[in-house]
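This report concerns only the one structure given below.
The values are calculated or read from the model by the stated rules, or taken from the named source; none is laboratory data. In this text, all values refer to a predicted model and were calculated from it rather than measured experimentally. For neighbour counting, all protein chains shown are included, and Cβ atoms are generated from backbone atoms with ideal geometry for every residue, glycine included. These area figures cover heavy atoms from the full protein model, side chains too; ligands, DNA and RNA do not enter into them. Shrake-Rupley method; radii C 1.70, N 1.55, O 1.52, S 1.80 Å.
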Amino acid sequence: MVTASNSTATAAAAVRVERRWRRAREDALLVLLSVPLVLFLTLPLLALVVRAAPVDFLSNLFDVEVAQAIWLSMATTTTTLLLTLVLGAPVAYLLARRRFRGHAALDTLIDLPIVLPPLVAGIALLLAFGRRGLLGQQLSILGVDIAFTQVAVVMAQLFVAAPFFVKAATAGFANVDREIEYAAALDGASSFQVFRMITVPLSGAALLAGAIMTWARALGEFGATIIFAGNFPGRTQTMPLAIYLGFELNLNRALTLSAILLLTSFLVLFVVKVLLRQRLQAWSQ
Amino acid sequence: MMWTLKRGYLLVAILLLAGCSLPGLSANSDAKNNVTVFAAASLTDPFRDLALQFEADNPGVDVVFNFAGSQQLAQQLAQGAAVDLFASANEAQMRAVIDTGRVTEGKQRVFGGNKLVVVMPAENPAGLSTLQDLAKPDVKLVLAAKNVPVGDYSLAFLEKANSSPQFAVGYEEAVLSNVVSYEENVKAVLSKVVLGEADAGIVYSSDISPDVAGQVARISIPDSLNTLAAYPIAPVSDAPNLALAQKFLEFVLSPAGQAVLAGHGFIPVEEMD
C-alpha cells in the first residue's frame, strides 16, 4: 500500500520533470527561432539612436523647428486617431455584423489605401479636395481651402491610417460571443448599452491594437502629407517631413530627429499598451 | 491538376512583372556597357533626350539615370552610391561631393545655365501681372525649400528685389508671408502650380517643358535680380565605367548636346557670361 502510493508519487514527479524539460527545450528553440527577425528589426533602429550624438540630441530637442514639428505631429495624429475611432467603428461594426450585397467590395475598398503608394494617395486627395478637385471646387467657392493647412495634414493621415483600425476592429467585433450580447439585450439593455458595455470591452484588445496601428502609421505618414499639405515649418511640417528635409540639409540633425521620433513613439506605444491592457483586464472582468 | 497549372502560370506572370519593375536587377547584369548618371531633377527631360541620342550613336550602351534634388544626390554620393557621372544644378552640391573625395577637384565642367521665372496657373486666379504683385495679400506662393538650389536662388531674388528702388519697402517680407509651402524639389513646385493649388511659384525657365507650357502663365525676372545657375558635371573618381562616363560628358558639351539643352530652355555654355 505504502510502496504503491510511493511509486505513483515518483511516477508523477517524473512526469512533472519530463514536462518541465520539454517546456525548457521548447522555450530555448522558440527564442533561437525568434532571434533573427528581432535582430534584423532592432539593429537599424539601434544604429540610428547610437549615431545621433547625445549633445546634438538635446540641442535639437530645443530647436524651434524641431519642437514645432514634434508638437504638430502629436496634435495631428491625436486628431486623426479620434476621428478614426468615431468614423471607423461604425464601418467596422457594419462589416463584422451585417451581410449585404457589396460586402466583399466594401471590405476590399478599405484595404486599398494600405496598398496605395502614399504619394499617389496625396495626388488623389488633391484631385478630390484641391482647389480644382471634384469636391474642392465647391468648397473653394464657399471660401474653404484645404490644401496647405493642418486640416490637409489630418486628412492625409486619416486616409492612409484609418484602414488599419477598421480592419482590426472588424475582426474584433466579429469575434465577440453573440450569446452574451443577446443575454444583455434580454435583460433590457439598449443597443448602444450592449455595444458600450459588452461589445467594446470584449473586443478591447483588437480595438486597442488597431488604434495603435493607426496612430503609428499616422505618425510616420510622409508621402501623402507632402503632396496634399505641402511643407511649411510650424504649419504642415510634421516630423517625417522635417526629417526628410533635414536629411538633405544636415544628416546629423535628421538622425537626431529620427531618434526623437523613435523614442517618443516607443514611449507612447509602450505606456499605452501597458496602461490600457491593465484597464482592459479590469474592465472585462 | 488544372488548378495548380493555372496557379503556376499566375506565379510566373507575377515574377515576370516583378522582374520588369526592377530595372536595377537587369542593369547590374551587364554593367560593362552601362553608364550610371546622377542628375539634378531639373535635367530630367534634356538628359533623357541626350541619352537617346548617345545610345543611338553608341550601340549596346545603356545610360541609367537617377534624377533627384542635387542635395539628395550629393548625400547618396557621400554615402557611397556606385555612380559614373554627377550633374548638379549648382556649384555648392558639386563642391560638397568634391569635399567627400568622390569627385576630383578640377574635373568638373560647367555644361549649361538656367534662370528663374515666376509661373502661375494659365487662368491666373490671383490676377498677377508684375513681380510686385507677388506681395499682394492672400497670394498663395509656393517656393522650393532653401536647401534645394532653386529655393536658394528664389530667396536671393527676393533679397535683391527688396533693395531695389522699383520694389516697395518690405517687399521681401510681404512675399515670404505669402508662402504656403516650401517644396522638396522644383518639379513639385511646378506641379502645385499646374494643378492650380498655388497662385504662383518660382521655377527654372527650363522646367516649363512644351507639354506644360500651355498650362501656365509666366512673369520673367530681369537678369539684374535673377541668379544665373551654372550646372557643373563631373565623372566620379571611382566610377565603375570611367571611359564611358567621360564619353557621355564630352557628348553633353558637344554642339549636338548643347543644342538639345538649349531646346529645353537651358542657356548654352558659350552664351553664359
### Task
Filter the trypsin sites (Lys or Arg not before Pro) in region A:80-130 down to the DSSP loop ones having no more than 13 other Cβ atoms within 10 Å, then list what survives.
A:ARG98, A:ARG99, A:ARG101
### Task
Would you be so kind as to list the residues of region A:222-248 that have their accessible area lowered by at least 40 Å² in the full protein complex compared with their chain by itself (1.4 Å probe)?
A:ILE226, A:ASN231, A:PHE232, A:TYR244, A:LEU245, A:PHE247, A:GLU248
### Query
Using a basic spin-label model with each label point 7 Å from the Cα along Cα→Cβ, how many nm lie between A:LEU135 and B:GLN166?
4.5
### Task
Express in % the proportion of alpha carbon pairs of region A:53-284 at distances exceeding 21 Å.
62
### Query
Along the charge dipole of the protein assembly as shown, Cβ charges K/R +1 and D/E -1, which of B:ASN185, B:PRO121, A:ALA168 sits furthest on the positive end?
A:ALA168
### Accessible-area composition of region A:1-51, carbon plus sulfur, in percent [1.4 Å probe]
74
### Message
Per residue, how large is the accessible surface of region B:116-220? Use a 1.4 angstrom probe and give square angstrom.
### Response
37
### Query
Tell me, what is the per residue accessible area of region A:53-284 in Å², probe radius 1.4 Å?
51
### Summary
Taking placed amide H atoms and a strict 5 Å upper bound, the residues 5 or more places from B:THR36 or on another chain that come that close are B:VAL64, B:ASP84, B:LEU85
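When Cβ neighbours within 10 Å are restricted to other protein chains, what is their mean count per residue of peptide B:180-190?
Per-residue shielding by partner chains comes out at 4.
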### Task
Mind giving me the nanometre distance, one decimal, between the label points for A:ASP187 and B:ASP57, set 7 Å out from Cα along Cα→Cβ?
8.6
### Summary
For B:THR100, B:THR36, A:THR236, the accessible-area ranking with a 1.4 Å probe, largest leading, is B:THR100, B:THR36, A:THR236
### Task
With label points built 7 Å along Cα→Cβ from the Cα atoms of A:ARG25 and A:ARG97, find their separation and express it in nm.
4.9
### Task
Find the sum over both chains of the accessible area lost when A and B are paired, probe 1.4 Å, and report it in Å² to the nearest 100.
2100
## Note on the structure
Output field shielding_mean for A:142-152 (other chain Cβ, 10 Å radius) holds 2
### Task
Using amide H atoms built 1.01 Å from N in the peptide plane, name the residues 5+ places from B:SER181, or on other chains, whose amide H lies under 5 Å from its own.
B:LEU143
### Query
What is the count of Lys pairs in the protein assembly as shown whose alpha carbons sit under 24 Å apart, if the two are 8 or more places apart or on different chains?
19
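Percentage of Cα-Cα pair distances in region A:93-182 greater than 15 Å, rounded to whole percent?
Details: 2707 of 4005 pairs.
Tail of P(r) above 15 Å: 68 percent of Cα pairs.
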## Note on the structure
Given Cβ charges of +1 for Lys and Arg and -1 for Asp and Glu, the option among A:VAL200, A:THR42, A:LEU106 whose Cα lies farthest towards the positive end of the dipole of chain A is A:VAL200
### Full-stretch length increase - A:VAL120, A:ASN175 - with 0.36 nm per residue and alpha-carbon distance subtracted
16.4 nm
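Where both partners of a DSSP beta bridge lie in region B:116-220, what percent of those bridges are antiparallel, to the nearest 5? Let's see the in-between values first.
Working: 9 of 15 bridges.
Percent antiparallel among DSSP bridges in region B:116-220 is about 60.
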### Task
Compute the distribution of all C-alpha to C-alpha distances in the protein assembly as shown, in bins of 20 Å from 0, and list the percent of pairs in each, rounded to whole numbers.
16, 42, 30, 9, 2, 0
### Query
Which value results for Rg/Rh of region A:195-285 when Rg is the Cα radius of gyration and Rh the Kirkwood radius based on the inverse mean 1/r?
1.14
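Of all the C-alpha pairs in region A:1-51, what % are more than 13 Å from each other? Don't skip to the end; give the middle numbers.
Working: 911 of 1275 pairs.
Considering region A:1-51, 71 percent of its Cα-Cα pairs are separated by more than 13 Å.
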### Summary
chain A, Gaussian network, Cα under 10 Å: of A:VAL154, A:VAL268, A:VAL166, the residue fluctuating most is A:VAL268
### Summary
Log10 I(q)/I(0) at q = 0.11, 0.12, 0.13, 0.18 Å⁻¹ for region B:68-213, from Debye over equal alpha-carbon scatterers, is -0.48, -0.56, -0.64, -1.02
### Query
How far is the Cα center of region B:71-113 from the Cα center of region A:175-248, in Å?
45
### Burial ranking of peptide ranges A:18-29, B:71-82 (average Cβ count within 10 Å, highest at the top)
B:71-82, A:18-29
### Amide H within-cut-off set for A:ALA229, under 5 Å, with H built and near neighbours excluded
A:PHE148
### Query
What are the ³J(HN,Hα) values, in whole Hz, obtained from phi via the Karplus relation 6.51 cos²θ - 1.76 cosθ + 1.60 with θ = phi - 60°, for each residue of region B:232-244 in sequence order, with x given for Gly and Pro?
x, 10, 7, x, 7, 4, 9, 4, x, 9, 5, 4, 5
### Message
Using a Gaussian network model on chain A with a 10 Å cutoff between Cα atoms, which of A:VAL50, A:VAL176, A:VAL38 fluctuates the most?
### Response
A:VAL38
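Could you tell me what percent of the DSSP beta bridges with both partners in the protein assembly as shown are antiparallel, to the nearest 5?
Working: 18 of 34 bridges.
Approximately 55 percent, going by the DSSP bridge assignments.
Determine the sum of side-chain charges near B:THR227: Lys and Arg each +1, Asp and Glu each -1, restricted to other residues whose C-beta is under 10 angstrom from that of B:THR227.
Working: positive: B:LYS115, B:LYS160; negative: B:ASP152, B:ASP223.
Net of charged neighbours comes to 0.
All other residues with a Cβ under 11 Å from the Cβ of A:LYS167 taken together, and with Lys, Arg as +1 and Asp, Glu as -1, what is their net charge?
Values: positive: none; negative: A:ASP107, A:ASP111.
My count for the surroundings of A:LYS167 gives -2.
Which of the peptides A:228-234, B:152-158, B:214-220 is most tightly packed, and how do the rest follow, going by the mean number of other Cβ atoms within 10 Å of each residue?
A:228-234, B:152-158, B:214-220
As a test of the definition: which semi-axes, in Å, follow for chain B when you take the square root of five times each eigenvalue of its alpha carbon gyration tensor? Largest first, please. Write down the numbers at each step before the final one.
Details: eigenvalues 281, 127, 56 Å².
Equivalent ellipsoid of chain B: 37, 25, 17 Å, largest first.
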### Task
Please identify, among A:THR80, A:THR199, A:THR108, the residue showing maximal mean-square fluctuation in a Gaussian network model of chain A using a 10 angstrom Cα cutoff.
A:THR108
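Considering only protein heavy atoms and a probe of 1.4 Å, how much of the accessible area of region B:196-247 is carbon and sulfur, as a whole percent?
Working: 1060 of 1920 Å².
C and S fraction of accessible area: 55 percent.
Put A:ASP107, B:ASP207 in order of accessible area, largest first, 1.4 Å probe: what do you get? Intermediate results must be reported in sequence, preceding the final value.
Working: A:ASP107 55, B:ASP207 5 Å².
From most accessible down to least: A:ASP107, B:ASP207.
Taking the Cβ of B:VAL61 as the centre, find all other residues whose Cβ is under 9 Å away and add up their charges (Lys, Arg: +1; Asp, Glu: -1).
Working: positive: B:LYS247; negative: B:GLU55, B:ASP57, B:ASP62.
Residues near B:VAL61 contribute -2 overall.
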